[in-house]
Amino acid sequence: MDEEYDVIVLGTGLKECILSGLLSVDGLKVSSPIVRSLSSPEPAAYDPQLPCLDLGLRASSVRLPAECASLVRGLSFRKQAGLMVGGLGSGTAVAGAAMGGFGAPWPLRVSRGSGSGVGGSGVVGHPRLPSTAKGSSGGGRGHLQQVLHMDRNDYYGGDSTSLNLNQLWKRFRGEDKPPAHLGASRDYNVDMVPKFMMANGTLVRTLIHTDVTKYLSFKAVDGSYVFSKGKIYKVPATDMEALKSPLMGLFEKRRARNFFIYVQDYNEADPKTHQGLDLTRVTTRELIAKYGLSDDTVDFIGHALALHRDDRYLDDPALDTVKRMKLYAESLARFQGGSPYIYPLYGLGELPQGFARLSAVYGGTYMLNKPECKVEFDMEGKVCGVTSEGETAKCKKVVCDPSYLPNKVRKIGRVVRAIAIMSHPIPNTNESHSVQIILPQKQLGRRSDMYVFCCSYTHNVAPKGKFIAFVSAEAETDNPQSELKPGIDLLGPVDEIFYDIYDRYEPVNEPSLDNCFVSTSYDATTHFETTVTDVLNMYTMITGKTVDLSVDLSAASAAEEY
């Protein structure tokens, strides 16, 4: 590690991988894809019919199968844009590889080694290049951010990884062999930070912006429900659904319908739709009072539609809540399904790997299983490198999760989560195989919401007939497990249940002084909107730019399955 990088990213959690991918493509100004063999001016397109080199990458070195030795004379791994190496299993290291010494553009495939891998199958690299490689001006390549991505773990995902059944059992029970009746370990992909994606939301827009959708397949989520007065109900999102909902009485339905019509018709750029209200000044509480909605109606609107985590939003300008409601309704309409959410096949462990592939396509270098990653600072207190195993990689900036710089963060709370394996869908959800249930704080006498998340074999995260359910909340007492009882009671009988509690941190440093950019820990929500907001804010702090998310949402349709 004798080269200097623009950015070193520590940790392979989803936030860090999104940033690694975005930073790797930052600064590109080319008119054509950049991956090519060193001897050929043309892109080295991947053709599955051509012979491939199968490389098993271990620790920090390159080890080639014996049968390939005679073929790879002159092969070198260089820190520059080149053929992607991805699809990593446990104990694997990765680099953006450029082929040297070949007279033809050989495709490259990476084996998963002996590790079982986390979050899905191996990856064939390099796949079709993202359109973000195409520059906006000029014909040559501008500055390419050199990104080194390291992780102390031997798997992708960090705190947001997905575990197979053996890994889950070992983590929570300390035993390697779970009961046989639960099925094959490899059929499980259990998320440690379970979250759905809003179909038209910020994460989906980011996936399309970077073309990471080409590495993933999604499936719509069956249902979206809200807990009210001891029962669960489908969340109404439009004026017609409001009229049919058993959540409200007859007169309340009419009032709610009028409010939904106002929200649906509202156009920030058209004052005629504002009905004389300046939503940048009118609070949500004042807007709701205009329509005379009851507290229970406000509960499901604010928490199940607008996805606020507590009631502080009521005294904030109403524009944000109206935008959130419109996003929910637009996402719901996109698939004409039972919810506005989508979820990757094989679980969220696919997402960090997808962004890792993006980074590798643009020359990002990956090193897993690197212990004791120590951030180094110069005399002025600015970051200057990262040391691991006696070697120091120099850099200008460091991006990491809170665990890598504990002296630059503060604790802001705890998340408590129950993970249940079941043999049935959650009762009273219309037999939904995937569902979100939000339990608003007032319904439970809490200060923040509780969330129930369920997915199953239909999303390839469990064997056929098995369901994975999660109940998550911000811990508010000294006995956090007991706080989850209202959500667990909704699940019905469970085969197995595990409990996870972790501290949440946020950065307290000033990045402009030390060039350290630390992400905030994952919250208890079961959707991605807060997570991606943190990522995009960090990207702006690092680069001084914003990501253009005005994308064609239909571009993801090829990656979706229904």
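Is there a residue in region 484-492 that is at pLDDT 95 or above, of a type outside the set (A, V, I, L, M, F, W, C), touching a strand residue (DSSP E or B) at 6+ places or on another chain (Cβ under 7 Å) and on the phi < 0 side of the Ramachandran plot?
The answer is yes; a qualifying residue exists.
In region 194-234, which residue that is in contact with a Gly (Cβ under 8 Å, 6 or more places away or on another chain) and part of a loop (DSSP other than H, G, I, E, B) is modelled with the lowest pLDDT?
Ranking the qualifying residues of region 194-234, first place goes to 216.
Evaluate region 233-245: report whether one residue or more is under 21 Å from residue 473 (Cβ atoms) and open to solvent by less than 70 Å² (accessible area, probe 1.4 Å).
Yes, some residue in region 233-245 is under 21 Å from residue 473 (Cβ atoms) and open to solvent by less than 70 Å² (accessible area, probe 1.4 Å).
Somewhere in region 513-531, is a residue open to solvent by less than 20 Å² (accessible area, probe 1.4 Å), assigned to a strand (DSSP E or B) and at pLDDT below 95?
Looking through region 513-531, at least one residue is open to solvent by less than 20 Å² (accessible area, probe 1.4 Å), assigned to a strand (DSSP E or B) and at pLDDT below 95.
What are the residues in region 334-356 that are out of contact with any strand residue (DSSP E or B) (no Cβ under 7 Å at 6 or more places or on another chain), open to solvent by 10 Å² or more (accessible area, probe 1.4 Å) and not aromatic (Phe, Trp, Tyr), if any?
334, 336
Would you confirm, using the coordinates I've provided, whether residue 542 is under 30 Å from residue 215 (Cα atoms) and modelled with pLDDT under 95?
yes
Regarding residue 362, is this residue under 30 Å from residue 153 (Cα atoms), touching a residue at least 24 places away in the same chain (Cβ under 8 Å), surrounded by 20 or more Cβ atoms within 10 Å (Cβ to Cβ) and of a type in the set (Phe, Trp, Tyr)?
For residue 362, the condition - under 30 Å from residue 153 (Cα atoms), touching a residue at least 24 places away in the same chain (Cβ under 8 Å), surrounded by 20 or more Cβ atoms within 10 Å (Cβ to Cβ) and of a type in the set (Phe, Trp, Tyr) - is met.
Out of everything in region 286-304 that is touching a residue at least 40 places away in the same chain (Cβ under 8 Å) and of a type in the set (Gly, Ala, Ser), what residue ends up being surrounded by the fewest Cβ atoms within 10 Å (Cβ to Cβ)?
294
What number goes with the only condition from (1) out of contact with any Pro (no Cβ under 9 Å at 6 or more places or on another chain); (2) open to solvent by 40 Å² or more (accessible area, probe 1.4 Å) that residue 397 does not pass?
The failed condition is (1).
Given the conditions (1) modelled with pLDDT under 85; (2) touching a Phe, Trp or Tyr at 6+ places or on another chain (Cβ under 8 Å); (3) open to solvent by 40 Å² or more (accessible area, probe 1.4 Å), and given that residue 172 satisfies all but one, which numbered condition is not satisfied?
(1)
The values are calculated or read from the model by the stated rules, or taken from the named source; none is laboratory data. Everything numeric in this text was worked out from a predicted model, so none of it was measured. Neighbour counts run over all protein chains shown; Cβ positions are idealised from the backbone, glycine included. SASA here: full protein model, heavy atoms, side chains in, ligands and nucleic acids out. Shrake-Rupley method; radii C 1.70, N 1.55, O 1.52, S 1.80 Å.
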